[in-house]
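The values are calculated or read from the model by the stated rules, or taken from the named source; none is laboratory data. This is a predicted model, so every value here is computed, not measured. In this analysis, Cβ positions are derived from the backbone assuming ideal geometry, glycine residues included, and neighbour counts consider all displayed protein chains. Note: areas computed on protein heavy atoms with side chains; ligands, DNA, RNA excluded. Shrake-Rupley method; radii C 1.70, N 1.55, O 1.52, S 1.80 Å.
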Amino acid sequence: MTLNLLDYRIRQRDYLLSITQAMVSRLNVRAVLRLILQAAVDMLQGQSGLIALYNADGAFAFWTSYGLPPALVDAFHPLIEGVPAVDKAEDFTIPNLADKLAQIAEETGLLLRQVVALPMVVDAAGSHAGGEPRQDFLGVLFVFRSHSLSFSPDDRQILKSFADYAAIAVNNAQLYEAAVTERGRLDALLESSGDGIMVLRPDLSIERLNRALASLTGWTAEEAVGRQHDDVIVWARQNSDMTLNQAMEQGWPSRDSGVAMGRSAGASRTLYAEGELRRRNGSVVSVGITYAPLLGRNGRLINIISTIRDITRFREADVLKDTFISVVSHELKTPVSIIKGYAETLRRPEARRNPALVEEMLASITEESDRLARLVDDLLDASRLQAGGLPFRDVEEVDLRFIARRVIERYAPQSTQHRLVLDFTPADDFPTVRGDPQRLEQVLDNLVSNAIKYSPRGGVVEIKGEASTVEVVISVRDEGVGIPFEEQERIFTRFHRVESPETRAVAGTGLGLYLTRAIVQAHGGRCWVDSSPGQGATFYVALPRETGLALWRGAEADGAPQTPPDDTIILDM
Ligand code: ADP
């Protein structure tokens, strides 16, 4: 018996060894469980066995069997029905186990005399961190005997070592699966992020680079991984005092050099760098980079997680804000100082003695006040437009020819150098459009005022109206300085003005065309320019045509006859 026992122990040790090897070699969990079950059955001198695992849905299912015809496994189901999950291995029982076994034996015709069932449990994660130790209940291991020798406490002890191994194998497999899922989740998160993300090793070589960063820098992940941070993050201009390398030389992240490097988030030890990043193709982009250290328990640096954000829009907003301040202060200053100058002069008694001079000064004050009011209106409109839309007062049938004539009459007296021409076809019956008359007048006013402002040597300014079946097109042509091709889209953006010696002296905010296009688009239309430098410019406004009703006829029908304007009026001033 002593020799047998030794023999037995050696066999048990061999089994446990091969099970350990199977677990280490990452055999799939079913194969490992089968090996464990086979060893358990053999060591306990049983004939067959089963392993049932507790599923995520809260029920048991058989995972592997040994020594049983597969077709009969289902018949063992009563053994695992209603088995309560337990927190401690000692609490585990299967009610009426012997009776159930007898019933299964009868049903299947198998010789099943004895059964032992042990729970497979592992210590629950974190259960020793204070309080009662808890265990996770993973499954049950059954061994059946066809002879009537009942299972001894020794047998149970042996079986327990196998059940423990089985529990560890299952637990490992579950942890592995959870780690794979977690990794998948992390991958999806990294790849779907709109910000560029780069994971660095402590030597600043690149471990990962996501899709957003690949498209921002022009480096693919395959090309970038393994390279140094500085190969991919190349600053054309950096606003921070230090590079990442320099911060690390100064002891970051052990000592917080964040403040020195950028606008740091202090306590969290992140670094922030901002500037112009040179892309692989040589172009530059404004970025802000946050470097966050990932530290191990002992404070050792494991990774640096860098988040790279394209801040072009913020920088543009900054530039726009600066432009806004300079435009507004300049444009406000001029009329205000003119008004103040005239007002001061008018206070002098000698000035008041000359009525013609007084009249002239008052006219200038009125003109400058109008200019100020217009500027304030434009600024308000621009800010409303940013906030969602321009207010439209009335929507009605608008006669653009009538409006164009009024604009010409307003501007004609202001310049002796310009010849303002109106040419609408068809003249008598030019179609109306549905819209806000004040806003559409603002459009034409802007275009005519620009045509005059930007043709300092004078010349013809022509407002032309043409109609097709679908739209009306109004154009304003001048013979002025013209607009370089590359500026022809930009002039429609907020505050944009062409920088040239000819236009530098011309007052303006760069808001007129921005508002013009917005108004036209709100009417469902389009607005564009055709020009070459030195050859003048022609601005076009196309508005969708309303069916039917022309305002002239409508007005006549209402009993308020109006004289249609002449075909072409030429105002020579
Ligand atoms: P502002 O005239 O107040 O500067 P606009 O938005 O009306 O603002 O025009 C934007 C810019 O477009 C002007 O600064 C000017 O450089 C250019 N521009 C507009 N109209 C003309 C034109 N008719 N001829 C030449 N340049 C023009």
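What to note about this one:
- Percent accessible area from carbon and sulfur atoms, the chain, protein chains only, probe 1.4 Å: 52
- The figure for Val319 is an accessible area of roughly 90 square angstrom, using a 1.4 Å probe on the protein chains alone.
- Cα-centred dipole magnitude for the chain, charges only on beta-carbon of K, R (+1) and D, E (-1), debye, nearest 20: 1800
- About the centre of its Cα atoms, region 291-337 shows a dipole size close to 380 debye [charges on the beta carbon of Lys, Arg (+1) and Asp, Glu (-1) only; nearest 20 debye].
- Angle of helix 400-411 to the longest C-alpha principal axis of the chain, folded into 0 to 90 degrees and rounded to 10: 60°.
- The ellipsoid that matches the Cα gyration tensor of region 130-209 has semi-axes, each √(5λ) in whole angstrom, of 47, 14, 12, with the longest given first.
- Computed log10 I(q)/I(0) for region 317-475 at 0.12, 0.13 Å⁻¹: -0.75, -0.85, from the Debye equation with unit scatterers placed on every C-alpha and solvent omitted.
- Of Ser449, Phe424, Pro437, farthest towards positive along the dipole that unit charges on Lys, Arg, Asp, Glu beta carbons give region 422-478: Ser449
- Taking all protein chains as they are arranged and a probe of 1.4 Å, the heavy atoms of Trp528 leave approximately 80 Å² accessible to solvent.
- Principal-axis tilt of helix 2-24 within the chain, Cα atoms, nearest 10 degrees: 10
- At the residue level, Glu344 shows approximately 90 square angstrom of accessible surface with a 1.4 angstrom probe and all protein chains present.
- Classified by the C-alpha gyration tensor, region 194-310 has an oblate form. Its axis ratio a/c, with a ≥ b ≥ c, is 1.5 or above, and a/b does not exceed b/c.
- Estimated dipole of region 396-557 in Debye, rounded to 20 [Cβ of Lys and Arg +1, of Asp and Glu -1, Cα centre]: 420
- What region 194-310 shows is 49 Å² of accessible area per residue, with the surface traced by a 1.4 Å probe over protein heavy atoms.
- Set of aspartates and glutamates with alpha-carbon distance to Lys333 below 15 Å, sequence-local pairs under 8 removed: Glu367, Glu368, Asp370
- Cα gyration tensor shape for the chain, rounded if a/c is under 1.5, else prolate or oblate: prolate
- 1.4 Å probe accessible area per residue over region 396-557, in Å²: 44
- Scattering profile of region 396-557 at q = 0.17, 0.19 Å⁻¹ [log10 I(q)/I(0), Debye over alpha-carbon scatterers]: -0.99, -1.21
- Relative contact order, percent, region 318-387 [alpha-carbon distance under 8 Å, six or more residues apart]: 35
- Listed by chain and number, the lysines whose alpha-carbon sits under 29 Å from that of Lys88, ignoring those within fewer than 8 places in the same chain, are Lys100, Lys160.
- Probing with 1.4 Å while keeping every protein chain in the model, the per residue accessible area of region 2-187 equals 56 Å².
- Considering only Gly58, Ala102, Ala169, the residue lying farthest towards the positive end of the dipole of region 2-187 is Ala169, judged by Cα position with unit charges set on Cβ.
- Gyration tensor verdict on region 2-187 (Cα atoms; rounded if a/c is under 1.5, prolate if a/b is larger than b/c, oblate otherwise): prolate
- For the pair region 221-243 and region 49-86, the centres of their Cα atoms are 57 angstrom apart.
- Each Cα pair under 8 Å and six or more residues apart adds its sequence gap; the mean of these over the residue count of the chain is a relative contact order of 8 percent.
- Per residue of the chain, the DSSP helices (runs of n ≥ 4 H) give a summed -39500 (n - 2.57) that works out to -13500 deg cm²/dmol at 222 nm.
- Contact order, relative form, for region 185-234: 30 percent (alpha carbon pairs under 8 Å, 6 or more residues apart, mean separation divided by residue count).
- Helix 355-387 and the longest principal axis of the C-alpha atoms of the chain enclose an angle of approximately 20°.
- Sequence of Leu6, Leu138 from largest to smallest accessible area, 1.4 Å probe: Leu6, Leu138
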